[in-house]
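The values are calculated or read from the model by the stated rules, or taken from the named source; none is laboratory data. Note that the coordinates shown come from a computational prediction; the quantities given were computed from them, not determined experimentally. A quick note on method: Cβ atoms are made from the backbone with ideal geometry, for glycine too, and the neighbour counts reach across all protein chains shown.
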Amino acid sequence: MAEKFVGTPKKATTHVNQNENLIFEKSSPGKKAYRLSELDVPAVDAASLLGDAVRTDLGVMPELSEIEIVRHFTRLSTWNYAIDLGMFPLGSCTMKYNGRVNELVARLEGIAEAHPYQPESLSQGVLEIMKVLSDCLLDICGMDAITLQPAAGAHGEFTGILLARAYHESLGNARKKILIPDSAHGTNPATAAVVGYEVQNLKSNAKGMVDLAELEKLVDEDTAALMLTNPSTIGVFESEIHKIADILHAKGALLYMDGANMNALVGKTRPGDFGVDVMHLNLHKTFSTPHGGGGPGSGPVACKKILEPFLPTPLLVTKSDGKLGLEYNRPQTVGRVRMFYGNFGMFVRALAYILANGPDGLRQTTEDAVLNANYIRAKLEDTFELPYKTRSLHEVVFSDKRQAKNGVKTGDMGKRLIDYGFHAYTVSFPMVVQGAMMIEPTESESREELDLLIDALKQIAREAEENPELVQTAPHTTRVQRLDETTAARKPVLRWKAPVAATPVAVDTAAKEW
Amino acid sequence: MRYLPKSPADRKEMLAEIGVASIDDLFSTIPAEYRLTRDLNVPRQHGEQEVIEHFKAFAEKNATGYASFLGAGAYRHYRPVLIDTVVSRGEFLTSYTPYQPEIAQGTLQALFEFQTMICELTGMEIANASMYDGSTGVAEAVMMAVRVTGRNAAVVAKTVHPEYREVLATYALHQEIPVTALDYTANGRVDLAKLDAAITDDTACVLIQSPNFFGTIEDVAAIAEIAHKKGALLIVAIAEAVSLGIVKPPKEADIVAMEAQAFGVPVGYGGPYCGVIASKEKFLRQMPGRLAGETKDMSGKRGFVLTLSTREQHIRREKATSNICTNQSLVALMVTVFLTVYGKGLKELGEQNLAKAHYAAQTLGKSGKVLFGGAPRFNEFVLDLGKDAETVNASLLTKKIIGGLPLAKWYPELGADASLWCATELNTKAQIDAAATAIAGKA
Ligand SMILES: Cc1ncc(COP(=O)(O)O)c(C=O)c1O
């Protein structure tokens, strides 16, 4: 046999990547990166004001100059992959372009410096931002009432299930369990537990969708709600959604929708119209607020009229004089889920996104997201196993079944994709698909970028056939290779400590496990 | 639409490659009766300039150009320019949760530095990579204490931020955690005698805040001793993180649940902020949220990963330590840059805050009385002006001054005249003097 096949990444080249120690290792006594304004009131003696409570030692806190700090964080930044560098085919995560004007408007003085307790009369602008955003989201969801308070998707789930619980309690019985499909995200069952519910697993049918017969069997007077992701985590619309809602409603149970996948629906269909009682949105997915390396997010919860009395306090209201205000006196509320009013800065960005799009842009966005996913599916269907053949919406889930025969797993191919200049797709989720390769391109990718991804995945599939080891040990071009996660968990090192006097930091021989 | 990178020809060709006639064919799985056939009722498409004008109009309806004395959980501090320089870099701003550590070392190393500085400042051994905010952090810390101790109840000081307590109440209700409220004494601190009586065999934790909601610094060591004697953990909440530059860390605590907003995060009408939980190392397995840890790669090179994820929802589902997934990573980066810029200079910053608040208390106090003397304070104090606080504030507004936060809503026992004032390095002597003059005129 000739030389083993090694693919040619068209997008990525290796580039110089500077080393950089931890900030503490760069510190030296007496350097400063700040100068306070001159003190214009009499100085005080901290020790005499604070007595025993005074602090005398700041330990390892760093001491550096400004240029060193700029270089430190700039160098670190170059070790990250980001949307601004290229595509994240991460299924379920909706990694779309984050418009820069959003950042600008979020930093306007009257917005960024608004104090949460400043008088309502001086807060009409920020309240109006919340009001306009709320109205937009309500129409997008087809719902009656909304709270912007939850800080992320999981926090929205928590709030939504609290509403369901309060609703059932108001009828005399909180009920005992929440039904959750086996394809659901981990936050769904974790949330049900935090709200004090048992989780009952709902098995999907052969098409990866809710099994109506099974659902009918499980729903009873103890069922508080079904938490359903629609489109599901395999990117498929639950076509029998109205029957699902009917089955639940017939037993007095509610339909909760995990709105993580709303990027497939905005402007095309509305959850409120197809029977959903309560849902959350992820502004950091569908509405383009930046992911920021893991957050912040924002998880507004929209609901039908029957759940409105239970929404968290305070609730944004229009008062009789036409002014906006915050209503605290709501006897049936579930209480507060977060201090103040939520991740307000994300509301600003989400509204800026909606304004930039308008109704036509939002619909086109959804259509392009779905077009992109279907294009990838059409082009890769022959290369990878497609466990569920139902039409995809915004994402497509393949499996590694063919490549696994050669010992190449989904995680390996995801890592190899890095060498081709991409982020990995979502690996091993949803759990209903063995060896899942979950790809969500979003609307933000041009045809050229999609073709590069398709080409990369085809080359990787060929490598998996002809040169599996190359894929199994990927990535090869990154600053660090695969990291030893086992030791990281077994002997956790979660903070830096100053090395004991002059002993150089020992570098072990190559770790054995990863 | 300017964000969409496709020409009409691209779309047509791609549909042809997929083998469908129109885009609507791709939505055929949505039953026809549920398809939206009208435009969404949202504002029309705006150009970039129009978007900016729109938000400028919103911004102008808010308070600008006022001297503010508000704190109470949202602290105004100077934000070094470098913070936005760093977080505006697309490599940080537009990156994902660092689940692929080979291409996320920037975020991971910064989080490791964040965790280190939080440990150093709080006197704890471990810290997580952020929680949503201080209030949910407090609720999660109490749930963590329940798991650690196998006990079920919580004793919570009334001097903890009222909104933290409200959020805790929401979580505790469904976790069936009984919460007992703990009084304060005349010096604004936790009542130690009542504390001793409040702790039972079922008490998992005592929750206090220091500096507390009145700005008073609690006697953490004494409270810890009482709690520990009875087998309860001590959770210390911190809302004004800048205090840690000059106030002794609560190292006697078992868990610290803090809000790091004061470290360079805009007050931004209440969020996004940066909660964080720190604790003793022995509670590691019960810690909620993400943790960045140090390790090595296949060639022995130092690197960082998210670790101990068997605590988290994506692995453990309903048995996870929390349902949190997305956290406040970019805000934690803001905090990290702030802490790097100030470093050991946090002490000097803390001293300036002490000086400003001391001067403000003395100057404003001439028109009334400063409550809760006899215990040390950081940058907040409660002022009783002998006149309805809302009325005083309304007249101050005409002088472009936002006065302290009236407390009657949460502390009716203090009466209508009490308000909570905060002075930071941003409050000039001229502002403080102007407020004092205005108040003296009214008193
Ligand atoms: C389907 C689904 N549900 C829920 C979540 C949780 O959202 P968040 O991370 O904002 O808490 C996610 C995101 O990761 C998701 O993909």
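Before moving on, here are some points about what is shown:
- Pairs, first more than 7 Å from chain A (Cβ to nearest Cβ) in the stretch B:107-122, second among the hydroxyl-bearing types (Ser, Thr, Tyr) and surrounded by 24 or more Cβ atoms within 10 Å (Cβ to Cβ), C-beta under 9 Å, six or more apart: B:Leu111/B:Ser130; B:Leu111/B:Ser329; B:Leu111/B:Thr336; B:Phe114/B:Ser130; B:Phe114/B:Thr336
- Qualifying position, being assigned by TED's automatic domain parsing to the domain that holds B:Ala260, within 30 Å of B:His174 (Cα to Cα) and among the hydroxyl-bearing types (Ser, Thr, Tyr), among B:Ser88, B:Ser130: B:Ser130
- Qualifying positions in the stretch B:386-408 - among the charged types (D, E, K, R) and without any contact (Cβ under 8 Å) to a residue 40 or more places away in the chain: B:Asp388, B:Glu390, B:Lys399
- Residues of the stretch A:113-145 satisfying the condition of being of a type in the set (D, E, K, R) and either in a helix (DSSP H, G or I) or within 16 Å of the ligand (Cβ to nearest atom) (or both): A:Glu120, A:Glu128, A:Lys131, A:Asp135, A:Asp139
- A:Gly325 in the same structural domain as A:Met279 (by TED's automatic domain parsing) and assigned to a loop (DSSP other than H, G, I, E, B): no
- Residue check for B:Ala129: surrounded by 23 or more Cβ atoms within 10 Å (Cβ to Cβ) and not in a helix (DSSP H, G or I): yes
- When B:Phe372, B:Phe381 are checked against the criterion of being more than 11 Å from chain A (Cβ to nearest Cβ), assigned to a loop (DSSP other than H, G, I, E, B) and aromatic (Phe, Trp, Tyr), B:Phe372 stands alone in meeting it.
- Which listed residue is assigned to a loop (DSSP other than H, G, I, E, B), more than 7 Å from chain A (Cβ to nearest Cβ) and more than 30 Å from B:Glu380 (Cα to Cα), from B:Arg44, B:Arg38: B:Arg38
Residue by residue, here is whether (1) surrounded by 17 or more Cβ atoms within 10 Å (Cβ to Cβ); (2) part of a helix (DSSP H, G or I) holds:
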| residue | (1), (2) |
| --- | --- |
| A:Gly421 | yes, no |
| A:Val433 | yes, no |
| A:Leu452 | yes, yes |
| A:Glu465 | no, yes |
| A:Glu469 | no, yes |
| A:Thr478 | yes, no |
| A:Gln481 | yes, no |
| A:Arg495 | yes, no |
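- All of A:Gly267, A:Gly272 fail the test of being more than 9 Å from every other protein chain (Cβ to nearest Cβ), in a loop (DSSP other than H, G, I, E, B), within 25 Å of A:Glu367 (Cβ to Cβ) and more than 16 Å from the ligand (Cβ to nearest atom), apart from A:Gly272.
- Pairs meeting the criteria (first residue in the stretch B:39-54 and within 12 Å of A:Ile140 (Cβ to Cβ), second residue buried (at least 16 other Cβ atoms within 10 Å of the Cβ) and charged (D, E, K, R), beta carbons under 8 Å, at least 6 apart or on different chains) are B:Asp39/A:Arg363; B:Leu40/A:Asp139; B:Leu40/A:Arg363; B:Asn41/A:Asp139; B:Val42/A:Asp139.
- Residue match in the stretch B:310-321 (condition: closer than 24 Å to B:Thr122 by Cβ and either away from the ligand (no atom under 16 Å from the Cβ) or within 7 Å of chain A (Cβ to nearest Cβ) (or both)): no
- Odd one out for B:Gly293 among (1) among the small types (Gly, Ala, Ser); (2) at the interface with another protein chain (Cβ under 7 Å from one of its Cβ atoms); (3) in contact (Cβ under 8 Å) with a residue 40 or more places away in the chain; (4) within 16 Å of the ligand (Cβ to nearest atom): (4)
- Cβ-Cβ distances below 7 Å connect the following pairs, each with a first residue in the stretch A:187-205 that is touching a residue at least 24 places away in the same chain (Cβ under 8 Å) and assigned by TED's automatic domain parsing to the domain that holds A:Leu163, a second residue that is outside any loop (DSSP other than H, G, I, E, B) and aromatic (Phe, Trp, Tyr), and a separation of six or more residues or different chains: A:Thr191/A:Phe158; A:Val194/A:Phe158; A:Val195/A:Phe158.
- 3 or more residues within 15 Å of the ligand (Cβ to nearest atom): qualifying strands (runs of 3 or more DSSP E) within the stretch A:146-257: A:177-181, A:223-229
Results for (1) over 30 Å from A:Asn261 (Cβ atoms); (2) within 39 Å of the chain's Cα centre (by Cα); (3) hydrophobic (A, V, I, L, M, F, W, C), shown as yes or no for each residue.
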residue	(1), (2), (3)
A:Gly30	yes, no, no
A:Glu38	yes, no, no
A:Ala43	yes, no, yes
A:Leu49	yes, no, yes
A:Ala53	yes, no, yes
A:Met87	no, yes, yes
A:Lys96	no, yes, no
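- Residue match in the stretch A:45-64 (condition: modelled with pLDDT of 95 or more, within 9 Å of another protein chain (Cβ to nearest Cβ) and farther than 30 Å from B:Val220 by Cβ): yes
- Within the stretch A:318-337, the residues that satisfy the criterion of being among the hydrophobic types (A, V, I, L, M, F, W, C) and under 29 Å from the mean Cα position of the chain (by Cα) are A:Leu326, A:Val334, A:Val337.
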